[in-house]
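Structure record follows, encoded as structure tokens.
Values quoted throughout were computed directly from the atomic coordinates according to the rules given, and no laboratory measurement underlies them. None of these values were measured; they are calculated from a predicted model. Quick reminder, even Gly has a Cβ in these numbers, built from the backbone with ideal geometry, and neighbours come from all protein chains shown.
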Amino acid sequence: MTSGSSADRLIVVGKIVGLYGVQGWVKLESYTQPRTQIFSYRPWFVGDKEISNTQGREQGKGLVGRIAGYSDRDAAATLIGAEIRIPRSALPKAAQGEFYWSDLEGLAVVNKEGVALGAVSHLFSTGANDVMVVKEGPRERMIPFVFGQFVETVDLEQSRITVDWDPDF
């Protein structure tokens with residue numbers, strides 16, 4: 001799959017982190033909310049392979065899955081550390097005023113005065129709110145993703161986020 005349009009690019013939704021049993025099952029880390037949502041998406045791309053047939057379930061405090069073509073422990077061991085990616089188009093349309101983090105990554109960030117602050121590298125959650133990590137060369141700014149207080153507008157068409165932020169901070 002190519003990364004041409006934003007709808008057909010692949011986004012990371014999880015990672016294979018270990019082995020479970022001897023029949024090719026693997027332990028998974030899911031980045032989806034809820035975490036079991038990862039099993040709803042098809043196809044998965046693991047490494048350079050497209051995989052349409054997967055099984056998965058909660059197991060104790062974690063998730064386990066079985067990926068077609070990896071039927072024993074040795075074969076499954078080759079997948080440890082691999083990211084699980086899906087086509088962006090597999091995600092449901094975001095509600096008005098909501099955004100997928102993957103759609104914000106790479107957007108230019110400017111303040112209300114038009115000063116360029118860099119581009120969104122990634123986001124993370126603090127519990128209280130999400131935070132954008134905005135990189136400009138070696139410099140990193142961590143800007144709370146709070147509409148009306150710090151984030152003024154998100155314009156996906158123009159690939160730009162306008163914030164109320166002091167460029168010296």
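Values computed for the structure shown
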| quantity | calculated |
| --- | --- |
| The range 101-163: C-alpha gyration tensor shape, a/c 1.5 cut-off, then a/b vs b/c | rounded |
| Under Karplus coefficients 6.51, -1.76 and 1.60, residue-wise ³J(HN,Hα) of the range 33-38 in Hz, glycine/proline x | 10, x, 4, 6, 4, 3 |
| Phi-based couplings in Hz for the range 148-164 (Karplus 6.51, -1.76, 1.60; Gly and Pro marked x) | x, 9, 10, 9, 8, 9, 10, 10, 5, 4, 8, 6, 9, 10, 9, 10, 9 |
| Sequence-distant residues sharing a close amide H with H122 (under 5 Å, placed H) | V133 |
| Derived scalar couplings ³J(HN,Hα) [the range 49-60; Karplus, 6.51 cos²θ - 1.76 cosθ + 1.60; whole Hz; x for Gly, Pro] | 10, 8, 10, 9, 10, 10, 10, x, 6, 6, 9, x |
| Amide H contacts of Y20 (H built 1.01 Å from N, under 5 Å, at least 5 apart or other chain) | W25, V26, K27 |
| Proximal charge balance of R160 [Cβ under 13 Å; K/R count +1, D/E count -1] | -3 |
| Radius 14 Å from Cβ of G81, net charge of other residues (Lys, Arg +1; Asp, Glu -1) | +1 |
| Cα centre as origin, Lys/Arg/Asp/Glu Cβ charges: the chain dipole, Debye | 800 debye |
| Exposure proxy order (Cβ contacts within 10 Å, fewest to most) of K93, K112, K135 | K93, K112, K135 |
| Three-way shape call for the range 46-105 based on the alpha-carbon gyration tensor, with the a/c threshold at 1.5 | prolate |
| Helix-only [θ]222 nm of the chain, DSSP H runs n ≥ 4, -39500 (n - 2.57) each, per residue, nearest 500 | -1000 deg cm²/dmol |
| For A82, residues with placed amide H under 5 Å, excluding near neighbours | I16 |
| Shape of the range 1-137, Cα gyration tensor, a/c cut at 1.5 | prolate |
